[in-house]
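The values are calculated or read from the model by the stated rules, or taken from the named source; none is laboratory data. Keep in mind that what you see is a predicted model, and the values were worked out from it rather than measured. All Cβ positions, glycine included, derive from the backbone under ideal geometry; neighbour counts span all protein chains shown.
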Amino acid sequence: MFNAPAVQPSLFVPHGAPTFALRPGAAGAAIARVASSLERPRAVVVVSPHWDTENPVVGAARKPQTIYDFWGFPDELYSLRYPATGCEEASQEVAGALRTAGFDVTVDAERGLDHGAWIPLRIMYPNADIPVIPLSIQAHRGPAHHLEIGRALAPLAARGFLVVASGNLTHNLGDFQRASRQSGAMPAYVRGFADWIWERLQAHDEVALLDYRQRAPDAVRAQPRDDHLLPLYVALGAAAPANKPERLHAGVDDYVIAMDAFAFRPEQSS
């Protein structure tokens, strides 16, 4: 008897600084826990702010390489590998879903996994035994575009695809440098902005979330650029139309990086 794959939720997970791979802490425990609670996905579609392209690009490498797209960190980080595998068929399904929604999509047979992709996946699925399909962002196109990307991916949830959107609710590296040189204190806006996002998610206030740069407290300071928040909109769009947001973790690393994680689950699975 054929068993249909479980309908997957969509996830927004933090990737923090590259040292998150060495010291995953409470945020790492939270995302590992949610991964272990889900039925095994057929494939993971991972969206990272560190792969930014003009139009959507789907990765289809048979064995995507571990990309060390960072500098000046401990030597042990550069010895870590995430020996993921890809899946050509799954990559084509992802590309097909986006094309059906009207997006101009290409497939890249060489693209590896940048640190925004492999670091959280290494924590969540350490055995690297689930095919991984990377998907690029388009930072110049803003939140509404990425919400539509997520909506295009939504039908894949019923086919066993798990969307893992990787980013951080706050990402101001200038403030990190100042905090590390001076007080070492967390600026108040970090939790204020992260909590505003959570409140709007709970209220299903899509209008406010899309207009966050005008409506959220200290939005431009929290996100000098959109890139690290845009994957959240992909996760939100990929959720079932009736979804229940769940905050899996709320914390701050390195003074200014909000490490909040969310799951968006179909109401009937709660």
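Scanning the stretch 212-251 for residues that are of a type outside the set (A, V, I, L, M), crowded, with 20+ Cβ neighbours inside 10 Å and in a helix (DSSP H, G or I) yields Tyr212, Pro231, Tyr233, Gly237.
Within the stretch 160-194, track down each residue that is surrounded by 14 or more Cβ atoms within 10 Å (Cβ to Cβ) and out of contact with any strand residue (DSSP E or B) (no Cβ under 9 Å at 6 or more places or on another chain). Spell out how you get there, then give the answer.
So the first thing to find is which residues in the stretch 160-194 are surrounded by 14 or more Cβ atoms within 10 Å (Cβ to Cβ), and the list is 160-172, 175-176, 178-179, 186-187, 189-194.
Passing the criteria: Asp175, Arg178, Ala179, Pro187, Tyr189, Gly192.
Residues being of a type outside the set (A, V, I, L, M, F, W, C) and touching a Ser or Thr at 6+ places or on another chain (Cβ under 6 Å): count how many of those fall in the stretch 87-123.
Here is the first cut: in the stretch 87-123, the residues of a type outside the set (A, V, I, L, M, F, W, C) are 88-89, 91-93, 96, 99-100, 102, 104, 106, 108, 110-112, 114-116, 120, 122.
From what is left, the residues that are touching a Ser or Thr at 6+ places or on another chain (Cβ under 6 Å) are 114, 116, 120.
Total meeting the criteria: 3.
Within the set Asp218, Asp205, Asp227, Asp254, the sole residue that is in contact with a helix residue (DSSP H, G or I) (Cβ under 7 Å, 6 or more places away or on another chain), closer than 21 Å to Leu153 by Cα and not β-branched (Val, Ile, Thr) turns out to be Asp227. The condition of being touching a strand residue (DSSP E or B) at 6+ places or on another chain (Cβ under 8 Å), among the aliphatic types (A, V, I, L, M), surrounded by 22 or more Cβ atoms within 10 Å (Cβ to Cβ) and in contact (Cβ under 8 Å) with a residue 60 or more places away in the chain holds for only one of Val34, Val58, that being Val58. Name the residue that is surrounded by the most Cβ atoms within 10 Å (Cβ to Cβ), counting only residues in the stretch 93-119 that are more than 18 Å from the chain's Cα centre (by Cα) and in a strand (DSSP E or B). By that ranking, first place goes to Asp108.
Residues in the stretch 2-24 include none that are out of contact with any Phe, Trp or Tyr (no Cβ under 8 Å at 6 or more places or on another chain), within 12 Å of Val132 (Cα to Cα), buried (at least 18 other Cβ atoms within 10 Å of the Cβ) and not β-branched (Val, Ile, Thr).
For the stretch 150-183, the set of residues classified as hydrophobic (A, V, I, L, M, F, W, C) and part of a loop (DSSP other than H, G, I, E, B) consists of Leu169 only.
Scanning the stretch 125-149 for residues that are part of a helix (DSSP H, G or I) and either free of Cβ contacts under 8 Å to residues at least 60 places away in the same chain or surrounded by fewer than 23 Cβ atoms within 10 Å (Cβ to Cβ) (or both) gives Ala139, His140, Arg141, Gly142, Pro143, Ala144, His145, Leu147, Glu148. Figure legend. Inter-residue proximity from the stretch 177-202: first residues more than 19 Å from Pro224 (Cβ to Cβ), second residues buried (at least 17 other Cβ atoms within 10 Å of the Cβ) and of a type in the set (Asp, Glu), beta-carbon distance below 8 Å, spacing 6+ or different chains. Indicated pairs: Trp198/Asp260. Taking only the stretch 252-264 into account, find how many residues are assigned to a loop (DSSP other than H, G, I, E, B), out of contact with any Lys or Arg (no Cβ under 8 Å at 6 or more places or on another chain) and modelled with pLDDT of 95 or more. Here the count works out to 1.
When the stretch 195-211 is filtered for residues that are under 14 Å from Ala258 (Cα atoms) and surrounded by fewer than 19 Cβ atoms within 10 Å (Cβ to Cβ), the ones remaining, listed by number, are Asp195, Trp198.
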